[in-house]
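Novice: Below you'll find the structure I mean.
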Amino acid sequence: MTGSKNDLTYAIDLHRVDADARTRVSAAGARGRAPILSVLQRGMFSSKTEALRTGDITFDSAYLITTGSADDVEGLRLVTQSLLVLANRCSGVWLHADGLKVTLSWLGFERDPLVLDAARDAVVTVAGWHRPDSPYR
């Protein structure tokens, strides 16, 4: 399924990773470079020591930021509440942003509109946020 919000097109689809069925929401970056981040739900993935925190105690206890810079985490701070909805209702949550595309996925075939809306909002917000590489562009 595809849609648009805030002038960004997003897609919701289902896929399999090995034997696991997963729901995925993705969107391409709007302009400039989107953040470069990898955010994993704690307890579901490897326990790497994180180098970054958002400053939101609830979010930081639910998620582990394994890739990113302090500047890229600024874009993530805008979506902590949306991602906490997923942490409370889903397992295996993973947000990946490579600078061009933002993808959020979790275990299972999702039917809950609240979860799908929260995921869409998180992906669109992160994809739409950018830090100019040059302040004078």
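Novice: All but one of (1) over 13 Å from the mean Cα position of the chain (by Cα); (2) more than 16 Å from ALA119 (Cα to Cα) hold for THR66; state the number of the condition that does not hold.
Specialist: Checking THR66 against (1) over 13 Å from the mean Cα position of the chain (by Cα); (2) more than 16 Å from ALA119 (Cα to Cα), the one that fails is (1).
Novice: Suppose we filter VAL102, VAL126, VAL73 for residues that are modelled with pLDDT under 90, in contact with a strand residue (DSSP E or B) (Cβ under 6 Å, 6 or more places away or on another chain) and either at negative phi or assigned to a loop (DSSP other than H, G, I, E, B) (or both); which single one remains? It would help to see each step written out before you state the result.
Specialist: Numbers: VAL102 fails: modelled with pLDDT under 90; VAL126 fails: modelled with pLDDT under 90.
The conditions single out VAL73.
Novice: Follow-up question, since we're still on this one. Any idea which of (1) farther than 14 Å from ILE36 by Cα; (2) in contact with a strand residue (DSSP E or B) (Cβ under 8 Å, 6 or more places away or on another chain) is the one GLY68 doesn't satisfy?
Specialist: Of (1) farther than 14 Å from ILE36 by Cα; (2) in contact with a strand residue (DSSP E or B) (Cβ under 8 Å, 6 or more places away or on another chain), only one is false for GLY68: (1).
Novice: Ok, one more. Output the residues belonging to segment 92-109 that are buried (at least 18 other Cβ atoms within 10 Å of the Cβ) and closer than 15 Å to THR2 by Cα.
Specialist: Listed by number, the residues that qualify are VAL102, LEU104.
Novice: Considering ILE57, ILE65, ILE36, which residue is in contact with a Gly (Cβ under 6 Å, 6 or more places away or on another chain) and either in contact (Cβ under 8 Å) with a residue 24 or more places away in the chain or not basic (Lys, Arg) (or both)?
Specialist: Working: ILE57 fails: in contact with a Gly (Cβ under 6 Å, 6 or more places away or on another chain); ILE65 fails: in contact with a Gly (Cβ under 6 Å, 6 or more places away or on another chain).
Result of the check over ILE57, ILE65, ILE36: ILE36.
The values are calculated or read from the model by the stated rules, or taken from the named source; none is laboratory data. Everything numeric here is computed off the predicted structure, so don't read it as measured data. Please note: Cβ atoms are built from the backbone with ideal geometry, for glycine as well, and neighbour counts cover all protein chains shown.
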